[in-house]
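Working notes, structure below.
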Amino acid sequence: LAKTTQPISMDSYEGQEVNITCSHNNIATNDYITWYQQFPSQGPRFIIQGYKTKVTNEVASLFIPADRKSSTLSLPRVSLSDTAVYYCLVGEGEGFQKLVFGTGTRLLVSP
Amino acid sequence: NAGVTQTPKFRILKIGQSMTLQCTQDMNHNYMYWYRQDPGMGLKLIYYSVGAGITDKGEVPNGYNVSRSTTEDFPLRLELAAPSQTSVYFCASSQTRLQGAGGNEQFFGPGTRLTVL
């Protein structure tokens, strides 16, 4: 399976906007893109999900270009509590066997 | 609702021992999953189930077995523990499946940290 890749780490300051990109060249035609947040010693937690264009909820936005080979998670005005690892999740083919988590991006938010 | 619960939280096994990791969800979800997460890495799907009595392999099934006799429970069995199975194991569940395997919000348990020596 081709890897679904993300930057290893990002640094930011409180109040800034953070954009984390996931490259998923092999995403299945009919599959969604989902993003999760994970704190140390916890299971991942759902943030946002989308299929194309832009999706926004109360905590984040998700931008998906027309070719759907990448996606960008946008966190507006981050706080210290947003320090975590962020993962994208996509299906790279038919069936759950092709369900692939990205490599993860460790976000550090400083005061 | 307790959500997804996993037991035990921690376990140390000797090579060749066997054990069962328990997972229970109280959200009446049809889909359940087992993942492993090695240190500093992403999650890899071991097995999944789309309903009681139906299970199938994920990306890394070797060395594991599962069963799904009820909607609520999805235990993961390690028959002959090996050091390569040292990892954190997460169970998850989801309700509906939108188009594609990724098209559903998964709810994760707190994980079981397993060390095989």
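None of the figures in this text is laboratory data; all of them are computed from the coordinates on show. Everything quoted here is computed from the prediction, not taken from an experiment. Glycine gets a Cβ as well: all are built from the backbone with ideal geometry, and neighbour counts include every protein chain shown.
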(request) Could you work out the longest stretch of chain B that avoids the trypsin sites (Lys or Arg not before Pro) located in DSSP loops with at most 11 other Cβ atoms within 10 Å? (result) B:15-117
(request) Evaluate E = 1/(1 + (r/R0)^6) for A:Val59 and A:Thr29, where r is the Cβ-Cβ distance and R0 equals 30 Å; express this FRET efficiency to the nearest 0.05. (result) 0.60
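Taking 30 Å as the cut-off for C-alpha to C-alpha distance, list the pairs among A:Lys98/B:Lys9; A:Lys52/B:Lys9; A:Lys3/B:Lys14; A:Lys69/B:Lys44 that go past it. Walk me through the numbers on the way to the answer.
On the way: A:Lys98/B:Lys9 28 Å; A:Lys52/B:Lys9 38 Å; A:Lys3/B:Lys14 33 Å; A:Lys69/B:Lys44 21 Å.
Pairs exceeding the cut-off: A:Lys52/B:Lys9; A:Lys3/B:Lys14.
Find the percent of Cα-Cα distances in segment A:34-108 that exceed 20 Å, and round it to a whole number. Intermediate results must be reported in sequence, preceding the final value.
Working: 879 of 2775 pairs.
Tail of P(r) above 20 Å: 32 percent of Cα pairs.
P(r) tail for segment A:4-46, what percent of Cα pairs lie past 12 Å? Walk me through the numbers on the way to the answer.
Working: 666 of 903 pairs.
Here the tail beyond 12 Å accounts for 74 percent of pairs.
Please state, as a whole number in µm²/s, the translational diffusion coefficient that the Stokes-Einstein equation yields for the protein assembly as shown at 10 °C and 1.306 mPa s, with Rh defined as the Kirkwood radius across alpha carbon pairs. Please report the intermediate quantities before stating the final value.
Working: Rh = 17.9 Å.
Rounded to a whole number, D works out at 89 µm²/s.
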(message) For A:Val18, what residues show an amide H to amide H distance below 5 Å, using hydrogens built from the backbone and excluding near sequence neighbours?
(response) A:Leu75, A:Arg77, A:Val78
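Give the longest segment of chain A that steers clear of trypsin sites (Lys or Arg not before Pro) in DSSP loops with at most 15 neighbouring Cβ atoms within 10 Å, not counting the sites themselves. Walk me through the intermediate numbers first.
Values: sites that count: A:Lys3, A:Lys52, A:Lys69, A:Arg77.
After excluding every exposed loop site, the longest remaining stretch is A:4-51.
Please get the size of the charge dipole for segment A:9-110, origin at its Cα centre, with Cβ charges of +1 on Lys and Arg and -1 on Asp and Glu, quoted in debye to the nearest 20. Can you show the working numbers first?
On the way: 8 positive and 9 negative charges, 27 e Å.
Here the size comes out at about 120 debye.
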(message) Kirkwood Rh and Cα-based Rg: tell me the resulting Rg over Rh for segment B:27-117, rounded to two decimals.
(response) 0.96
(request) Arrange the following residues from fewest to most other Cβ atoms within 10 Å of their Cβ: B:Ser93, A:Ser12. (result) A:Ser12, B:Ser93
